[in-house]
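The values are calculated or read from the model by the stated rules, or taken from the named source; none is laboratory data. Quick caveat: nothing in here was measured; it's all calculated off a predicted structure. Cβ placement follows ideal geometry from the backbone for every residue including glycine, while neighbour counts extend to all protein chains displayed.
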């Protein structure tokens with residue numbers, strides 16, 4: 001780090017969500033997005049295991065517009081074809097799991113939190129400052145739980161309900177799409193086997 005950076009404290013920008021790259025996001029928008037933060041902190045974005053610039057990355061080798069979970073046309077209650085939805089999702093998930101077994105076994109939120117702590121240590125910092133939103137709130141809460149003495153400031157913007165997210169994700173408003181998919185699975189119990 002240069003002299004200017006050494007005078008500031010690192011700030012891990014935790015914009016992390018399934019399928020998203022925090023590093024690419026920061027590269028694209030630059031540090032000008034948070035000018036007040038940037039005068040006081042070094043803004044650092046870290047991609048979670050398997051995502052974005054991390055290696056190895058999770059690659060399902062699928063055209064996301066036609067084969068992926070979010071392929072078009074988007075599933076709504078008005079156009080729900082449960083059998084087609086379950087078949088498409090099952091094919092995609094099985095392909096993705098078979099292509100990524102090695103990384104998927106290590107791509108948990110707890111492991112990403114441990115990676116964040118390794119980043120903190122590698123920077124020579126005694127404490128981490130963190131800003132997270134969306135999935136980044138769950139990651140920040142996990143970090144705080146695993147390393148309660150290793151953070152200074154933590155902002156969790158719009159946090160997920162961690163208990164519901166882990167134990168009953170189909171009831172959380174943030175995961176409404178999962179409810180539609182779960183309903184499709186419930187309508188076709190024979191396809192789950």
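What do you reckon, is residue 126 closer than 15 Å to residue 61 by Cα and loosely packed, with under 15 Cβ neighbours inside 10 Å? In short, no. The lone criterion from (1) part of a loop (DSSP other than H, G, I, E, B); (2) outside the structural domain of residue 48 (by TED's automatic domain parsing) left unmet by residue 126 is number (2).
One residue stands out in the stretch 31-69 among those that are loosely packed, with under 11 Cβ neighbours inside 10 Å and part of a loop (DSSP other than H, G, I, E, B): the one that is farthest from the chain's Cα centre (by Cα), namely 66. Here is the figure for the stretch 126-135: residues that are at pLDDT below 90 and farther than 19 Å from residue 49 by Cβ total 2.
So for the stretch 136-148 (the condition being in a loop (DSSP other than H, G, I, E, B), modelled with pLDDT of 95 or more and surrounded by 16 or more Cβ atoms within 10 Å (Cβ to Cβ)), does at least one residue qualify?
Filtering the stretch 136-148 down to residues in a loop (DSSP other than H, G, I, E, B) leaves 147-148.
Subsequent filtering for residues that are modelled with pLDDT of 95 or more retains 147-148.
In the following step, the residues that additionally are surrounded by 16 or more Cβ atoms within 10 Å (Cβ to Cβ) were identified as 147.
Yes, the stretch 136-148 contains a residue that is in a loop (DSSP other than H, G, I, E, B), modelled with pLDDT of 95 or more and surrounded by 16 or more Cβ atoms within 10 Å (Cβ to Cβ).
Among the residues of the stretch 74-84, are any in a loop (DSSP other than H, G, I, E, B) and under 27 Å from residue 48 (Cβ atoms)? Yes, some residue in the stretch 74-84 is in a loop (DSSP other than H, G, I, E, B) and under 27 Å from residue 48 (Cβ atoms).
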